[in-house]
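K.L.:
First the structure, then my questions, so here it is.
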Amino acid sequence: GPDDSYFVWKKNGQKMKACITEQSYTLFDGRVHVLSWMQDSVSENTEYKCSFISKAGNTTSEVHITVENKDSAGQDGWTKEFDTWRSAISEHDKMMQNWRKTW
């Protein structure tokens, strides 16, 4: 996490500003751990891109969300998977808060 770093989020090619959360934690050796995530709801197929930009270099992650019929048999599976991801993010946030207190 260089000092000049920043995130750019795009939804279907359009820059996003709302619903984005960023956190940074200074590690014991002086490096910085930087996270960014966003919340959104979609009703149609959507592409998200998250770019991390700095003078040292850039990287981009992307994901494609495919929306299926709400009456689809896979809905229960998706709800369980979403709950699992939500729990993992919550646990990660708690862990980072504990690390921050320790350092």
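The values are calculated or read from the model by the stated rules, or taken from the named source; none is laboratory data. Remember, it's a predicted structure, so these values are computed and weren't measured experimentally. Every residue, glycine as well, gets a Cβ built from its backbone with ideal geometry; the counts of neighbours run over all protein chains shown. Quick note on the areas: whole protein, heavy atoms, side chains included, nothing else; ligands and nucleic acids left out. Shrake-Rupley method; radii C 1.70, N 1.55, O 1.52, S 1.80 Å.
K.L.:
Considering each residue of the range 20-35, count those that are under 15 Å from TYR48 (Cβ atoms) and open to solvent by 80 Å² or more (accessible area, probe 1.4 Å), and give that number.
P.N.:
Count: 0.
K.L.:
Give the residues of the range 50-62 that are of a type outside the set (Gly, Ala, Ser) and open to solvent by 70 Å² or more (accessible area, probe 1.4 Å), sorted by residue number.
P.N.:
LYS55, ASN58, THR59, THR60, GLU62
K.L.:
State all residues of the range 2-50 that are on the phi > 0 side of the Ramachandran plot and either in contact with a strand residue (DSSP E or B) (Cβ under 8 Å, 6 or more places away or on another chain) or basic (Lys, Arg) (or both); if no residue qualifies, say none.
P.N.:
Matches in the range 2-50: ASN12, GLY13, CYS19.
K.L.:
Quick one: which strands (runs of 3 or more DSSP E) lie wholly within the range 19-87 and hold at least 1 residues that are at pLDDT below 85 and either more than 11 Å from PHE7 (Cα to Cα) or not β-branched (Val, Ile, Thr) (or both)?
P.N.:
20-26, 32-38
K.L.:
Also, I was wondering about something else. Might you check whether a residue that is among the hydroxyl-bearing types (Ser, Thr, Tyr), free of Cβ contacts under 8 Å to residues at least 24 places away in the same chain and either under 20 Å from LYS94 (Cα atoms) or open to solvent by less than 60 Å² (accessible area, probe 1.4 Å) (or both) occurs anywhere in the range 3-19?
P.N.:
Among the residues of the range 3-19, not one is among the hydroxyl-bearing types (Ser, Thr, Tyr), free of Cβ contacts under 8 Å to residues at least 24 places away in the same chain and either under 20 Å from LYS94 (Cα atoms) or open to solvent by less than 60 Å² (accessible area, probe 1.4 Å) (or both), which makes the answer no.
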